[in-house]
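Peer 1: Encoded as structure tokens, here's the structure I'll be asking about.
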Amino acid sequence: MYAFYSLFQLPLEDIDLEAEHSGLIALLQVFERALKYNEPEKVYLEMAKIYENSEKQELASKTFETMARRFHTSPAVWTAYAAFKFRQVCDW
């Protein structure tokens, strides 16, 4: 179980670091690598959260739209997407 947790944590931490300190191309490379080693749904949710927190609303919206198509049966995706849309309307 620890090995799985470590495998999951490392790429997502890399995504956060790339978002803070590097450009978009480097961030997308880390994102692609994280997709190979983790559950894609969790990686996409993390990426959308990163975009939203860094004030990149258009990229966050496109990521949520991709998730809605790709993981259309996931309640977590639809809940996160609805919360994102609500925050956009309320401007918090």
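The values are calculated or read from the model by the stated rules, or taken from the named source; none is laboratory data. Owing to the predicted nature of the structure, the values given are computational and were not obtained by experimental measurement. Counting neighbours? That spans all protein chains shown, and the Cβs are built from the backbone with ideal geometry, glycine included.
Peer 1: In segment 61-75, what count of residues is obtained for those that are β-branched (Val, Ile, Thr) and more than 15 Å from the chain's Cα centre (by Cα)?
Peer 2: The total comes to 1.
Peer 1: Could we say that residue 68 is surrounded by 17 or more Cβ atoms within 10 Å (Cβ to Cβ) and not hydroxyl-bearing (Ser, Thr, Tyr) here?
Peer 2: Spelling it out, it is not the case that residue 68 is surrounded by 17 or more Cβ atoms within 10 Å (Cβ to Cβ) and not hydroxyl-bearing (Ser, Thr, Tyr).
Peer 1: Among the residues of segment 24-56 satisfying the criterion of being of a type in the set (S, T, N, Q) and out of contact with any helix residue (DSSP H, G or I) (no Cβ under 7 Å at 6 or more places or on another chain), which is nearest to residue 80 (Cα to Cα)?
Peer 2: If we take residues in segment 24-56 being of a type in the set (S, T, N, Q) and out of contact with any helix residue (DSSP H, G or I) (no Cβ under 7 Å at 6 or more places or on another chain), then 53 is nearest to residue 80 (Cα to Cα).
Peer 1: Please specify each residue of segment 26-57 satisfying the condition of being over 16 Å from residue 71 (Cβ atoms), modelled with pLDDT of 85 or more and β-branched (Val, Ile, Thr).
Peer 2: 50
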